[in-house]
1. Within the range 40-47, is there a residue that is exposed (fewer than 10 other Cβ atoms within 10 Å of the Cβ) and under 29 Å from Asn70 (Cβ atoms)?
2. Quickly run through the range 48-61 and pick out the residues that are in a helix (DSSP H, G or I) and exposed (fewer than 11 other Cβ atoms within 10 Å of the Cβ).
3. Pick out the one residue from Ile60, Ile39 that is under 28 Å from Lys75 (Cβ atoms) and in contact with an Asp or Glu (Cβ under 6 Å, 6 or more places away or on another chain).
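Only the coordinates and a few stated rules stand behind these numbers; no lab work does. What you see is a predicted model; the values in this text were computed from it and never measured. Reconstructed Cβ throughout: ideal geometry from the backbone, glycine too, with neighbour counts over all protein chains shown.
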Amino acid sequence: MDTWIWIIIVIVALAGGVALGFFLARKYMMDYLEKNPPINEDVLRMMMMQMGQKPSQKKINQMMSMMNKNMQDQKKK
């Protein structure tokens with residue numbers, strides 16, 4: 001075969017590998033973040049205290065439910 005055909009085959013295989021790797025890594029990170037959310041009630045409580053607010057359990061539950069709703073809305077898109 002000609003050299004230019006081998007070059008095209010290598011470029012196509014490389015592009016396919018990069019695309020496949022990107023989508024697999026994206027899927028892995030989405031699953032990981034869904035199972036282990038970066039913000040939980042303790043982190044939210046600390047953030048509210050740093051902002052000078054008194055964190056009541058009602059406020060924390062309200063903010064957590066809003067965040068969970070936003071996460072579910074983003075999953076639907």
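1. So the first thing to find is which residues in the range 40-47 are exposed (fewer than 10 other Cβ atoms within 10 Å of the Cβ), and the list is 42.
Cutting the leftovers down to under 29 Å from Asn70 (Cβ atoms) gives us 42.
The answer is yes; a qualifying residue exists.
2. Going through the range 48-61, the residues in a helix (DSSP H, G or I) turn out to be 48-50, 57-61.
Residues satisfying the conditions are Gln50, Gln57, Lys58.
3. Values: Ile39 fails: in contact with an Asp or Glu (Cβ under 6 Å, 6 or more places away or on another chain).
The conditions single out Ile60.
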